[in-house]
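Just so it is clear, none of the values below were taken in a lab; they were calculated from the coordinates. Quick caveat, the model's predicted, so the values are computed rather than measured. FYI the Cβ positions are ideal-geometry reconstructions off the backbone, even for glycines, and counts take in every protein chain you see.
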Amino acid sequence: VGPRDLVGRRVLVSAGGTREPLDPVRYIGNRSSGRQGVEIARAAAARGADVVLVAANLEVAAPNGGRVVHVSSADELQRTMLAEAADADVIVMAAAVADYRPDAVAERKIKKDEQGDELVLRLVRNPDILRSLVVARRDGQVVIGFAAETEGDRERLLELGRAKLARKGSDFLVLNTVGWNQGFGTERNTVVVLDRAGDIVAEADGSKASVATRILDILR
Ligand code: C5P
């Protein structure tokens with residue numbers, strides 16, 4: 001039996017990747033499986049926390065324990081996160097949010113015989129959910145953001161992370177490298193956690209479950 005050091009803490013976790021609809025049957029998505037966020041939710045529940053998992057198109061099963069709210073688009077994710085944040089002591093924004101969405105959703109299926117050889121999509125920026133959670137943050141609430149970068153070099157990764165931290169204003173930022181065969185969708189993860197000052201407070205390399213444990217240890 002592990003530690004029950006999160007009893008009484010209300011932990012809100014987002015996981016997965018958003019899908020931005022194009023028409024009733026198509027979307028623009030990303031390759032996030034939701035594994036890391038799900039492992040964080042699972043580990044937090046095992047340590048006694050009251051967990052709400054906001055799940056965006058998970059490729060893995062949601063954990064037992066805690067409540068699960070299913071969402072799909074960034075817009076739904078934002079509305080749900082802002083509503084649930086009111087009752088959270090800790091917010092972990094692990095979901096991969098689409099930066100852009102189609103500016104309009106076609107009411108009927110887009111047809112190639114109507115479009116011809118080329119189809120031009122116009123995309124508009126999605127809101128920054130993490131930033132809006134930081135803006136709405138209550139006293140004592142801890143907000144943890146993630147940063148997935150395709151930069152391999154550690155110094156460059158830290159530099160990007162510190163700049164992102166300043167922009168987002170979260171209490172912590174979990175930095176990880178992603179790529180075709182790394183991070184997204186895989187079983188293992190390598191992360192560096194920065195605090196508000198940009199200092200390294202944790203590092204982990206291993207299964208997503210062990211990385212989750214290490215991330216939650218920063219709450220002690
Ligand atoms: O800006 P970037 O996507 O690199 O930031 C990553 C962090 O911000 C993650 O925690 C992600 O969940 C969050 N994010 C967000 N809303 C967006 C884009 C990212 O909350 N539109």
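For Gly145, neighbours were defined as the other residues whose beta-carbon sits under 14 Å from its Cβ, and their charges (Lys and Arg +1, Asp and Glu -1) total +3.
When the scattering of region 1-50 is computed by the Debye formula from its Cα atoms alone, each counted once and equally, what is log10 I(q)/I(0) at q = 0.19, 0.22, 0.26, 0.27 Å⁻¹? Evaluating at q = 0.19, 0.22, 0.26, 0.27 Å⁻¹ gives log10 I(q)/I(0) of -0.67, -0.77, -0.91, -0.94. Peptides 140-151, 110-121 ranked from most to least packed by the mean count of surrounding Cβ atoms within 10 Å: 140-151, 110-121.
Fully extending the segment from Val120 to Asp5, taken as 0.36 nm per residue of separation minus the present Cα-Cα distance, adds 36.2 nm.
A Stokes-Einstein calculation at 4 °C with viscosity 1.567 mPa s, built on the Kirkwood radius of region 91-220 over Cα pairs, returns a diffusion coefficient of 77 µm²/s.
By the equivalent-ellipsoid construction on the alpha carbon gyration tensor, region 1-147 comes out with semi-axes of 34, 16, 11 Å, ordered largest to smallest.
Proximity of backbone amide H atoms, modeled 1.01 Å from N, is registered between Val69 and Leu53, Val54, Ala55 at under 5 Å, excluding neighbours fewer than 5 places apart on the same chain. A straight chain from Arg162 to Ala61 at 0.36 nm per residue would run longer than the Cα-Cα distance by 33.1 nm.
Distances between placed amide hydrogens fall under 5 Å for Tyr27 paired with Leu22, all partners being 5 or more residues away or on another chain.
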